[in-house]
Every structure is written in structure tokens, then in C-alpha cells.
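J.: Quick one: structure below, then a few questions.
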Amino acid sequence: MNASNPLTIAYARKFPAEVAAHLARVGVEETGRAIAGLPDAVAAGVVARLPHGVGMRILSGLDDARIAAWLEEAGLNDALAILLHVDAGHRIRVLDALSNRRVRRTLRRLVVFPADTVGASLDPAAIRLDANLPLKEAVALLRSDELESEQVIWLVDGEGVYLGRLDLGRALMARSDRSRLKKFRVEIRPLRGETTLVSARDHGEWLEHAELPVVDELGHLLGSICRARLMEALKSVHPSDPGLADGVSELVRQYFRIMGICIGDLFGNGRAQR
């Protein structure tokens, strides 16, 4: 892909998602060269739409000034998507490199959280795919990322707004590989990044899921947090009260205890009536 070609630039400006999908399949080195040949405003649109794994590898080799230049040329949704490709420990430096104070303040509010909140402990590398992606293309991207079979895959829209979890088993059994991923969406209530760890411990979705999505105040997917990660964060933030970290496990244990009693009563009543 000759990114310096005026026709290529015009196409990338109009269809950044299509260019990003193509680059995701050709390798990190070629992707990096192609993006380097695009104007900042066009590059920002393409980088924002790269799959998370590819985006992280591309941005890990760039200096703060280059990433900051893209952020200042991008709209809010694209800027946030780019920043989420940046390692969490590196984000503050990138934000400090921004010359636009309004952009810096807005992005900081969306991605920088106090230590006792979910946003500070989430996994930003959570796998996310566009819900409108055809199944065939999604499978190709997932294979290129060499995912573990147990990894959760989250679905977002074209702006990075969280939509749900991908039911990968059902997707792989679909009759047509042209189906869009949104057809295999499972709704899971997300946590907000500013939610305290103590409040997150009592989130009802833990009863059915071991990993939950985390969103910002605008609904963009920031990452995810698993039950074990939450408990470790609780231990580190509240070392004087280790009982707080046991709350999630206790919640789940009580859930299954009550379910066992209900099922026992159901079958017990059934035997009594016979």
C-alpha cells in the first residue's frame, strides 16, 4: 500500500475502517510504513480503527509527540480509541505532550482513574471487534492474534461504544460466514470506570460471568476486569481489610447455595407429591 499516493490518501480519509481492516492482515511492519505516509488527520482515523492488538504493537514503537499529533487531529471518539491502544503506564506521558489543554483535560477525565476505582485496575488489552464485521473477516483477525481459547471477545460499534460479548461458540457454528458479529451478541451489563472497587464487588453480573466489560462515561469500551483481578486490586487498595476481597467469591458461593436449596426443594416436593 503506497500511503503517500494522493488516491490512497483520499481513500483512507473516506474509508478508514476498510483501510484499517486491510492493514491488520498484512503485518505490523507494513502497517507502520503505510500509516507513516499518511497525513496526521487521516492516519488518526485509520489507527483508531485498527484491531486492538495491532494498534498496541504499532503505537508501542512511536514517540509521544507522534501519538499526540494524531490525538489533536482526531475527533473525541477516534482520540479515545487511539489512546486505548497505548499502554496504560504510557498514557499520562502522551497526554502531557498534547498542546491543546481542552483535549488533554477531556481525555484525561475519560481514561485516568483513582487507584480505588475499576478504571485503574482494568485490563486495557481486552479483545474487541466491530459488531458489523463479517464473521469470515473476524475469524481471520482472531487467528492472526493467536488468541487463547478462553479469552473473552467484546463487541463495539464503529465509534468504540460497547455493545456486548461475542458468543464465539455460536458464531463458529453459524451456517454462513457472511453473518455479522452482532448476530452473536450476548448482553452483559458493564461496569463504569469510575465505579469504586468495593461497589464493583457487588455487581450482580458476577453471578453469571467471571469477566466484565468496563466503559467510560460515554459508553466506550475501556477494557475488562476479571474476578481475580478485582480481588487482587481490593487487597492492594484495602490491605487493612482483607475481608473486602472475599466479597465476590462469597457472593457467588451464596448464589449457588441458594440455587441448590431451591432445586432440592423443587425435586423434594416432586417426590413428596408422588
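The values are calculated or read from the model by the stated rules, or taken from the named source; none is laboratory data. Note that the structure is a prediction, hence the values are computed from the model and not measured. So basically every Cβ, Gly included, is an ideal-geometry build from the backbone, and we count neighbours across all protein chains shown.
J.: Tell me yes or no: at least one residue of segment 142-159 is closer than 16 Å to C226 by Cβ, hydrophobic (A, V, I, L, M, F, W, C), part of a strand (DSSP E or B) and at pLDDT 90 or above.
T.: Scanning segment 142-159 turns up at least one residue that is closer than 16 Å to C226 by Cβ, hydrophobic (A, V, I, L, M, F, W, C), part of a strand (DSSP E or B) and at pLDDT 90 or above.
J.: Taking segment 1-18, which residues are among the hydroxyl-bearing types (S, T, Y) and modelled with pLDDT under 90?
T.: Matches in segment 1-18: S4, T8.
J.: Here are V86, V54, V118, V103: which of them is within 16 Å of the chain's Cα centre (by Cα), of a type outside the set (S, T, N, Q) and either more than 26 Å from T195 (Cβ to Cβ) or surrounded by fewer than 21 Cβ atoms within 10 Å (Cβ to Cβ) (or both)?
T.: V54
J.: Does segment 89-106 contain any residue that is farther than 30 Å from V186 by Cβ, touching a residue at least 60 places away in the same chain (Cβ under 8 Å) and among the aliphatic types (A, V, I, L, M)?
T.: no
J.: For G164, state whether it is surrounded by fewer than 21 Cβ atoms within 10 Å (Cβ to Cβ), modelled with pLDDT of 90 or more and outside any loop (DSSP other than H, G, I, E, B).
T.: So G164 passes the test.
J.: Pick from segment 93-120 the residues that are in a loop (DSSP other than H, G, I, E, B) and under 27 Å from A200 (Cα atoms): which of them is modelled with the lowest pLDDT?
T.: The qualifying residue modelled with the lowest pLDDT is V112.
J.: Please go through segment 121-138 and give me each residue that is within 10 Å of the chain's Cα centre (by Cα) and either farther than 15 Å from H85 by Cβ or not in a loop (DSSP other than H, G, I, E, B) (or both), ordered by number.
T.: D123, I127, R128, L129
J.: What is the number of the single condition among (1) assigned to a helix (DSSP H, G or I); (2) at pLDDT 90 or above that I261 does not meet?
T.: So the condition that I261 fails would be (2).
J.: Out of the residues in segment 19-61 that are of a type in the set (A, V, I, L, M, F, W, C), outside any helix (DSSP H, G or I) and modelled with pLDDT under 90, state the one that is nearest to L155 (Cα to Cα).
T.: Among them, the one singled out is L50.
J.: In segment 175-194, what residues are assigned to a loop (DSSP other than H, G, I, E, B) and under 18 Å from V161 (Cβ atoms)?
T.: Within segment 175-194, E187, I188, R189, P190, G193, E194 qualify.
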